Amino acid sequence: MNLLAHAYLSFGQPQLLVGNMISDYVKGKKQYDYPLGIQQGIRLHRAIDAFTDSHPATARGKAVFKPAVGLYAGAFMDVVYDHFLALDSTIMEEAGWQVFSAKVYASLIDQHSFLPEKFARMLPYMQTQDWLYNYRYTWGIEKSFGGLVRRAAYLTDASIAFQLFEANLPLLADCYQEFFPAVKNMAESYWQDLQNL
């Protein structure tokens, strides 16, 4: 659910953005029902997820959350990465992130006909509550953690995970600093390879 990272790693390409954002809602061969650009976004999303899951920084971060959320630790770590990305002024200043978020919502709305029903239902909430921009705030992370718990099969309370987040901010920030340049390089290379197919 690292929505901001997937949006940012779509490199300003509208169809790539759609695929990158909807991939979790597209199962199996259904990806081939979409235009090529969206198919490439779906593949890029899955490559990013595989890279994220296998990265040692992600493993260290997941260890923070695992006692509280078990197998969902990776989903919580995705949200943590979005928090630090939203604060990363080396990539974009605060005002830039605000403009970026608005452009993402507008692009997704422009391509509404391609959105799976479940994602399309979520998009108005994402926009009106400005999820992408509000990842920068700890209260935004607390709300995101609550959303993860509501969707989880066996979790009932996000408060312990949020306490762990606040108590381990330096460690989690280090995980982001190690991870994000690596995933950005991987995604850029993958995108270049897709264009050359």
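Quick note: the coordinates plus some simple rules give every number you see, no bench work behind them. Since we're looking at a predicted model, the values are computed, not measured. FYI the Cβ positions are ideal-geometry reconstructions off the backbone, even for glycines, and counts take in every protein chain you see.
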Report task. Could you size up the charge dipole of segment 63-120 around its Cα centre, putting +1 on the beta carbon of Lys and Arg and -1 on that of Asp and Glu, and report it in debye to the nearest 20? Result -> 220
Query - Spatially proximal lysines relative to LYS29 (Cα-Cα < 24 Å; intrachain offsets below 8 disregarded) - result: LYS118
Report summary line: Rounded to one decimal in nm, the spacing of the 7 Å Cα→Cβ label points at ALA50 and LEU36 is 2.2
Report summary line: Diffing segment 76-82: the Karplus 3J(HN,Hα) column from phi (6.51, -1.76, 1.60, θ = phi - 60°), in whole Hz with x for Gly and Pro, holds 5, 5, 4, 5, 4, 4, 5
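Do you know the relative contact order of segment 3-195, to the nearest whole percent, from alpha carbon pairs under 8 angstrom that are 6+ apart? The partial results should precede the final answer.
On the way: 190 pairs, mean separation 54.2, N = 193.
Computed value for segment 3-195: 28 percent relative contact order.
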Report task. Mind checking segment 2-90 for trypsin sites (Lys or Arg not before Pro) that DSSP puts in a loop (not H, G, I, E or B) and that have at most 15 other Cβ atoms within 10 Å? Result -> LYS27
**Report entry** Which listed pairs, of LYS62/LYS143; LYS27/LYS184; LYS27/LYS103; LYS27/LYS62; LYS30/LYS103; LYS143/LYS184, have C-alpha distances above 22 Å, in listed order
**Finding:** LYS27/LYS184; LYS27/LYS103; LYS27/LYS62; LYS30/LYS103; LYS143/LYS184
Query raised in the report: Residue by residue, what Karplus-based ³J(HN,Hα) values in Hz, rounded to whole numbers, does segment 87-104 have, using 6.51, -1.76 and 1.60 with θ = phi - 60° and x for Gly and Pro?
Result: 9, 7, 6, 6, 9, 7, 6, 3, 4, x, 5, 5, 5, 4, 4, 4, 5, 4
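Treating the beta-carbon of each Lys and Arg as +1 and of each Asp and Glu as -1, no other charges, what is the dipole magnitude of the chain about its Cα centre, to the nearest 20 debye? Mind dumping the intermediate values first?
Numbers: 16 positive and 19 negative charges, 128 e Å.
With Lys and Arg at +1 and Asp and Glu at -1, about 620 debye.
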Query - Which of ILE160, ILE22 has the fewest Cβ neighbours within 10 Å, and the rest in rising order - result: ILE160, ILE22
Query - Alpha-carbon Debye profile of the chain, log10 I(q)/I(0) at 0.17 Å⁻¹ - result: -1.20
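Among HIS6, HIS112, HIS45, HIS55, what is the fewest-to-most ranking by other Cβ atoms within 10 Å?
Working: HIS6 26, HIS112 11, HIS45 23, HIS55 19.
In order of increasing Cβ crowding within 10 Å: HIS112, HIS55, HIS45, HIS6.
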